[in-house]
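What follows is a single structure, written as structure tokens, with notes after it.
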Amino acid sequence: MKIQNISEKHQEWIKSILCERWGSPVMISRGNIHNADQLPGFIALESEKPLGLITFSLKNDECEIVTLDSLEAGKGIGIKLIKSVKDFAVEKNCNRIWLITTNDNTNALKFYQKNGFRLAAIHPGAVEKSRRIKPEIPEVGCDDIPIRDEIELEIRLN
């Protein structure tokens, strides 16, 4: 498996995977709108077949992971994609890498914490505000848990 920068030749696949997994390429975090298909990122490939995608946004000295998708569990795809973002953020002198997930996404909470992220904040009721911008966000998520809150996780880089 190799990790490389997103390129123009992957745009159709990227838009397709974001629509399939996230409802659209539009992502909302902390009230900010991201067009994830237009963000920088990395793609995991095996024999030129896409296996995973990570997109991020740089702002000042912070790097926000906007999306992470691994198409095959247990292969270390997500870990390698996060490492690529971390290396990039260090190179750009970022102070932290952060992301938002929702209260229902217990698998993501476990995964990120196992991979060095710490809980930074809980934003109660934030998803309702996001739904006003992106109505595709479902009311109920993983394990039939109502989706209500944004959970912010981070890695401090210095």
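Odds and ends about this structure:
- The set of residues from segment 3-36 being in a loop (DSSP other than H, G, I, E, B) and of a type in the set (Ser, Thr, Tyr) comprises Ser7, Ser24.
- Options Ile97, Ile155, Ile151: the member that is open to solvent by less than 30 Å² (accessible area, probe 1.4 Å), in contact with a Gly (Cβ under 6 Å, 6 or more places away or on another chain) and modelled with pLDDT of 95 or more: Ile155
- The conditions of being within 19 Å of Asp143 (Cβ to Cβ), among the hydrophobic types (A, V, I, L, M, F, W, C) and not in a strand (DSSP E or B) are met by Ala108.
- Matching residues, segment 113-154, being assigned to a helix (DSSP H, G or I), in contact with a Lys or Arg (Cβ under 6 Å, 6 or more places away or on another chain) and farther than 20 Å from Val26 by Cβ: none
- Matching residues in segment 76-105 - criterion: being of a type in the set (D, E, K, R) and either in a loop (DSSP other than H, G, I, E, B) or out of contact with any helix residue (DSSP H, G or I) (no Cβ under 9 Å at 6 or more places or on another chain) (or both): Lys80, Lys83, Lys86, Asp87, Glu91, Lys92, Asp104
- Selection from segment 113-141 of residues that are under 27 Å from Val85 (Cα atoms), open to solvent by 100 Å² or more (accessible area, probe 1.4 Å) and over 16 Å from the mean Cα position of the chain (by Cα): Ile122
- Of all residues in segment 37-75 being in a loop (DSSP other than H, G, I, E, B) and touching a residue at least 12 places away in the same chain (Cβ under 8 Å), the one that is most open to solvent (accessible area, probe 1.4 Å): Lys75
The values are calculated or read from the model by the stated rules, or taken from the named source; none is laboratory data. This is a predicted model, so every value here is computed, not measured. Neighbour counts run over all protein chains shown; Cβ positions are idealised from the backbone, glycine included. Just the protein is used for accessible areas: all its heavy atoms, side chains included, with ligands, DNA and RNA removed. Shrake-Rupley method; radii C 1.70, N 1.55, O 1.52, S 1.80 Å.
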